[in-house]
Structure formats: structure tokens, C-alpha cells
Amino acid sequence: MVSGSISNHIRAYFDGPFMDLKEVPPHTIDRWWDDFKHVYRWDSSYAAALRREWEQYVTKRLPLLVHDLSLVPLSRAVPWCNIEIRIQLLAKRNHPNFQEKSRRNRENRNKRPSLHCQGSISITELKFKMSLIGSLQHPRCLLDLV
């Protein structure tokens, strides 16, 4: 699977306390990309578009890897990240600025209603079904209308 491969390439060369892709030096990003390119082959006309897609994925995946890493106790070894880097990452995560940003982002995520609450049913179809529920004398479960 390509996504797992990208994560493995990040882990293979994770050599600094990077919280997100903006903090990663360009030479490290290029190393991750070069390593990825040696595993997969494509027509050169797609190279620029694939690099953009790859960077978008890494932008999302790197903070998740760091978050997962922060959940592992320091007493437990992690093969792809040495203890000094883990301590630096934890210090960054515990910094008041990071904590404030994290709290603000959590609040914003909670404010935004999810548009994907019924699987493959479109929003229009969902609104229609919800209007039917509203017109019933005795509200029922949405699943009864499916």
C-alpha cells in the first residue's frame, strides 16, 4: 500500500524534532521523496503532480506520526526515533503556544458539522429524509426510512 510505504520512508529518515512538514529541512524532504521514487515507477510527465500529491499526504501524515509517537511512554524504545528527539518533541508539544493552538483547533473541529453522516447518501437525500422525520407525528429513526 502506497500510504504505508510513505510512512515507512518518513520513519526511515526521521532525524529531527519535526512537528510538521514546515519544520523539516528541504534536504530531508528530498531524501524522503527520493527514497519513495526508488520504490515506485511512473511516467516522467506525472512527476510534478505526483510530488505535490505526495507532499500533501506527508503534510497530513507527519503530525499523526508525531502524535502517535507522543503516546508511547519514554521508557519504551521506538526503533525509528531516538530518545533525544522524542524528548524534544514532547517539550514542543507541552509548550504553552502548542497547547493553545491545539485547544483552538479542537474547538474549531467541534464547531464544524460533519457533512458525511450517512455513508454514501448525498446531502440532498439526507436533507429530504430528515424533512420526512420532521413531518412525522412520532419521530422515528432515520434508518426506518431507508
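Since every read-out is calculated from the coordinates, none of them should be taken as a lab result. What you see is a predicted model; the values in this text were computed from it and never measured. A quick note on method: Cβ atoms are made from the backbone with ideal geometry, for glycine too, and the neighbour counts reach across all protein chains shown.
Once the C-beta distance of Met130 and Arg109 is scaled by a Förster radius of 25 Å, the resulting FRET efficiency is 0.65 to the nearest 0.05. Each peptide in 78-86, 11-19 gets a packing score, the mean of other Cβ atoms within 10 Å over its residues, and the list from highest to lowest is 11-19, 78-86.
Placing unit charges on the Cβ atoms only, positive for Lys and Arg and negative for Asp and Glu, gives segment 39-107 a dipole magnitude near 180 debye about its Cα centre.
Placing pseudo-labels 7 Å out from each Cα toward the beta carbon at Tyr57 and Ser122 gives an inter-label distance of 3.0 nm. Of all aspartates and glutamates in the structure, the ones whose alpha carbon falls short of 12 Å from that of Lys60, not counting any fewer than 8 places away in one chain, are Asp20. Hey, if you put +1 on the Cβ of every Lys and Arg and -1 on every Asp and Glu Cβ in segment 1-134, which of Met130, His95, Ala47 ends up farthest toward the positive end of that dipole? Towards the positive end, the residue furthest out is Met130.
To the nearest 0.05, how large is the calculated FRET efficiency for Ile87 and Val39 if R₀ is 25 Å and r is the Cβ-Cβ distance? E(calc), rounded to 0.05, equals 0.20.
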